[in-house]
Amino acid sequence: MKMRTIWLALLLILTVACGGSNKLTNPPVSGAYEFVVTSNVTGGVTLVEANLAASGSRSSAGGPNQVQILTLEKKTWYVNGVCAGTTPGQNSLSASVSGNNIALTFNEGGYVLPGQGMLTGTTIAGNYTVNNSTCPDLVGIIGYPQGYDSGGFVGNQVPDLAGTFIGTLNLPDGTDNAALTLTENSDSSLNVNAQLTGPLDNGTFPLTGSAVGNIMFVSGTVSGQPLSLLGYFDKVGAYTGMPNSIVVFDYHTLAKAGLLLAQ
């Protein structure tokens, strides 16, 4: 009886272990992600920020409150990406996991970029190739077929956006001294208290919107005028040149408004 009990216990342990292994084969890909997409053709770096939701082995995100895209190419920022498409800002991302293999599709306002990669823990790394693209950035590049692009991407989860950032912002009413305090909620909604001092803007103005990966996408009213801001948080300063900084854009004009530093 004792030997039978031992064998039954071993069988139960093996069954649980095998079941656990199967569950870990296809981990869900979800949460706030940043994908750094680097082109071998143009040298541009496109930052795809996404709040991914998983359903089984598939993950997706879509729309401006879930996917935001910025491109930095030849020291110039492009809000909504250098290939903004026919519907700028209406971006999407989908992923399908099979074992450690992952297939992704980045959709930049209508320009589709498919990629294949590997999932290691929560990190996604892979490559992409696209042919016959109508993206203007890929037209007339010497040495490459028309509309051709290739490169690599790395995706990692990112923490919540939070903290106070100060600096100057060029806003519609003039250049203001600004202190922006960010608070991200559990549903990825974002509250921003903007303390402004300038020619016309003096006071604290609440802005609301979404935290999308490392991007704040918020709007509100400042001195009676509508204001929409998009800001990219660069923790290590890889793209802004300053660690723990936010480069801010006026979303109405897509112009750079300034750089704020964490306090």
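Tabulated data for the structure shown
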item	result
Net dipole in debye of the stretch 162-262 [+1 Lys, Arg Cβ; -1 Asp, Glu Cβ; about Cα centre; nearest 20]	160 debye
For Ile124, Ile69, Ile142, order by how many other beta-carbon atoms lie within 10 Å, fewest first	Ile142, Ile124, Ile69
Local net charge near Ser245, Cβ-Cβ under 14 Å (Lys/Arg +1, Asp/Glu -1)	+1
Surrounding net charge for Gly220, when Lys and Arg each add one and Asp and Glu each subtract one, Cβ distance under 15 Å	-4
Helical contribution to [θ] at 222 nm, DSSP H n ≥ 4, -39,500 (n - 2.57), averaged over the chain, rounded to 500	-3000 deg cm²/dmol
The stretch 162-262: translational diffusion in µm²/s, Stokes-Einstein, Kirkwood Rh over Cα pairs, 10 °C, 1.306 mPa s	120 µm²/s
Gained length - Asn65 relative to Thr38, 0.36 nm times residue gap less alpha-carbon distance	7.4 nm
Cut-off 13 Å, label 7 Å out along Cα→Cβ of Thr208, residues of the stretch 155-193 by amide N	185, 189-193
Taking only Cα atoms of the stretch 37-138, radius of gyration then Dmax in Å	13.4, 40
Simple label model, 7 Å out from Cα along Cβ direction - Asn244 to Thr123, nm	2.4 nm
Pairwise FRET efficiency - Ala53 versus Gln263, Cβ, R0 = 35 Å, nearest 0.05	0.60
Percent of Cα pairs exceeding the 28 Å cut-off, where the set is the chain	42 percent
Net charge of Cβ neighbours under 12 Å - reference Thr197; Lys, Arg +1; Asp, Glu -1	-3
Cα pair distances in the stretch 76-206, grouped into 5 Å bins until the bin that holds the longest one, percent each	2, 9, 12, 12, 14, 14, 12, 11, 9, 5, 1, 0
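No value in this document is a laboratory result; all are computed from the given coordinates. Please read all numbers here as calculations on a predicted model, not as lab measurements. Neighbour counts run over all protein chains shown; Cβ positions are idealised from the backbone, glycine included.
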